[in-house]
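Asker: Supplied in structure tokens, the structure appears directly below.
The values are calculated or read from the model by the stated rules, or taken from the named source; none is laboratory data. What you are looking at is a predicted structure, and each value in this text was computed from that prediction instead of being measured. Glycine also receives a Cβ, built like all others from the backbone with ideal geometry; neighbour counts cover every protein chain displayed. For the accessible areas, the whole protein counts, side chains as well, though only heavy atoms, and no ligand, DNA or RNA atoms are used. Shrake-Rupley method; radii C 1.70, N 1.55, O 1.52, S 1.80 Å.
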Amino acid sequence: MNKLNIKILNIAGISWIGILIIISFSYKGNAPEDITLKETFKDHFMIGAAVNKSQITEDDGFSTPIVKNHFNTITAENELKWESVHPEIDEYNFEPADLIVEFGKKNNMFIVGHTLIWHNQTPGWVFKNDEGEPADRETLLKRIKEHIQKVAGRYKGQIHGWDVVNEALNEDGTLRQSPWMKIIGEDYIAKAFQFAHEADPEAELYYNDFSLENKPKREGAIKIIKKLQSQGIKIDGVGLQGHYKMDWPSAAQLDSTIKDFAALGFKVLITELDIDVLPYKDITAEITLNMEMQEKYNPYKDGLPDSMQVSLAQRYKDLFEVFVENKNSVDRVTFWGITDKDSWLNYWPVRGRKNYPLLFDRSGKPKPAFDAVLETAKIY
Ligand code: XIL
């Protein structure tokens, strides 16, 4: 707009600021390419995505550019889990994880290692002795020490933070009776953190779990953390996985969760953010989706209706407002995937559904939720 036009507008009694407000409120389209998530939130927190090997090696035309453009931190979705990196007792497979770490380094990203100790995606041999019987405490401790030294040690100074222990809690806040717990006892957690610290003294170390927004489980996590702190064991942060639903958790619940963990002098990380738009009650892995079930449990197989796009955008906005308000405690927000196309929620907890949990659609285009998220950066 040239000076003459501005003058005419001023004469017409329309202020510049007014015009800008009108433009920004009436703007409904996708953000221009140069508006990126990482730049928008640079004064708030890091912003990231879980990536897998194929997304950075097989060119679908948009996944890699989205990651490079929008994110300044990445987490390997599966490549550093025990079954991927250490499938057999004497066999390590670092090639896929190496590729992701190299990609992160090349693009100056904060690289997160996920995860050292988890009950899922860990091969059966880990918990057995040579006779195929359950391994004893000493054997298992030796194994986790060796595993952590080897994996965290390999990426010393390259992977900046580790989800050391993942999902150790039951919903009621008691410790999950995982094979780690049954064979070693509850100090497997302290040992894992110690081994990780020895392997890379500079790396940040986190406890990561889902549903910590619910009070009993949150209290269980606080207990674990306080115990580690009282033993002088290094732990730097807690990861709220952030696998959210349209109706859970409430903004107030999320806010008090972040504040409770921040009160421990802790970094709070949102580590696996996505929002499940599909029905989730009564859903079990056993459900087979016959025609009738498809209608009920896979309602958006032909696309997400506009009304749902709007609700999803609003939901993302409500959650991001809480992150932004707590920007002094929230250090990182990482989405669990890049586009809806590759989200794990298309095949979990039931295979073959079409879900829409992320900010980019199946062709890599930003959704209305993307714009809604950007808006929240303005409030603080
Ligand atoms: C998921 C991956 O996204 C899937 O590809 C894989 O098949 C199963 O695991 N909590 C976690 C993540 O900590 O590691 C899980 O990732 C999702 C739930």
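Asker: With n ≥ 4 as the cut-off for DSSP H runs, can you work out [θ] at 222 nm for the chain, using -39500 (n - 2.57) per run divided by the number of residues, rounded to the nearest 500?
Answerer: -12000 deg cm²/dmol
Asker: Between helix 215-230 and the chain, what is the angle of the helix's C-alpha long axis to the longest principal axis, kept within 0 to 90° and rounded to the nearest 10?
Answerer: Between the helix axis and the principal axis of the chain, the angle is about 60 degrees.
Asker: If R₀ is 41 angstrom, what is the calculated FRET efficiency for the pair residue 202 and residue 283, using the beta carbon separation as r and rounding to 0.05?
Answerer: 0.45
Asker: Continuing with this model, one more query. Would you kindly derive the ³J(HN,Hα) couplings of region 258-275 from the backbone phi angles with the Karplus curve 6.51 cos²θ - 1.76 cosθ + 1.60 (θ = phi - 60°), listing them in order in whole Hz, with x for Gly and Pro?
Answerer: Along region 258-275, the couplings run 4, 5, 4, 6, 5, 5, 7, x, 10, 7, 10, 10, 9, 9, 9, 5, 7, 10 Hz.
Asker: Carbon and sulfur atoms: what percent of the 1.4 Å accessible area of region 47-181 do they account for?
Answerer: On region 47-181, the fraction of accessible area on carbon and sulfur atoms equals 45 percent.
Asker: Taking the Cα-to-Cβ direction at residue 128 and at residue 158 and moving 7 Å from each Cα, how far apart do the two end points lie in nm?
Answerer: 3.2
Asker: Sticking with this structure for a sec: Taking 21 Å as the cut-off for C-alpha to C-alpha distance, list the pairs among 150/226; 38/106; 105/156; 217/245; 215/378; 42/267 that go past it.
Answerer: From 150/226; 38/106; 105/156; 217/245; 215/378; 42/267, over 21 Å: 150/226; 215/378.
Asker: Skipping prolines and chain starts, which residues have an amide H placed within reach, meaning under 5 Å, of the one on residue 162, given they are 5 or more residues away or on another chain?
Answerer: 113, 204, 205, 206
Asker: Place a point 7 Å from the Cα of residue 223 along the Cα-to-Cβ direction; which residues of region 183-207 have their backbone N under 20 Å from it?
Answerer: 183-193, 207
Asker: Rounded to the nearest whole Å², what accessible area per residue is found for the chain with the 1.4 Å probe?
Answerer: Ligands and nucleic acids excluded, the result is 46 Å² per residue.
Asker: I've got another one for you. How big is the Rg/Rh ratio for region 177-309, C-alpha atoms only, Rh by Kirkwood, two decimals?
Answerer: Here Rg/Rh amounts to 1.08.
Asker: Around residue 214, under 13 Å between beta carbons, what's the net of Lys plus Arg minus Asp minus Glu among the other residues?
Answerer: -2
Asker: Still on this structure: R0 = 22 Å: FRET efficiency of residue 90 with residue 182, Cβ-based, nearest 0.05?
Answerer: That pair, residue 90 with residue 182, gives E of 0.35.
Asker: Could you check which residue among 260, 136, 282 shows the biggest mean-square fluctuation in a GNM of the chain with a 10 Å Cα cutoff?
Answerer: 282
Asker: Shape call for region 140-185 from the C-alpha gyration tensor, a ≥ b ≥ c root eigenvalues: rounded (a/c under 1.5), prolate (a/b greater than b/c) or oblate?
Answerer: Oblate.
Asker: Additional query: For a quick size check, give me the Cα extents of the chain along its three principal axes, largest first, whole Å.
Answerer: 87, 52, 41
Asker: Moving on. If I fit a long axis through the Cα atoms of helix 16-26 and take the longest principal axis of the Cα atoms of the chain, what angle between them do I get, 0 to 90°, rounded to 10?
Answerer: Tilt relative to the chain: about 60 degrees.
Asker: In addition: In terms of solvent-accessible area of protein heavy atoms at a 1.4 angstrom probe, what is the ranking of 63, 211, highest value first? Each step should come with its number before you reach the end.
Answerer: Details: 63 0, 211 20 Å².
Ranked from most to least accessible, the order is 211, 63.
Asker: With all protein chains present, calculate the accessible area of residue 291 using a 1.4 Å probe and round the result to the nearest 10 Å².
Answerer: Roughly 150 Å² of residue 291 is accessible to a 1.4 Å probe.
Asker: What angle, in degrees between 0 and 90 and rounded to the nearest 10, separates the Cα long axis of helix 95-106 from the longest principal axis of the Cα atoms of the chain?
Answerer: With both axes taken from Cα atoms, the answer is about 40 degrees.
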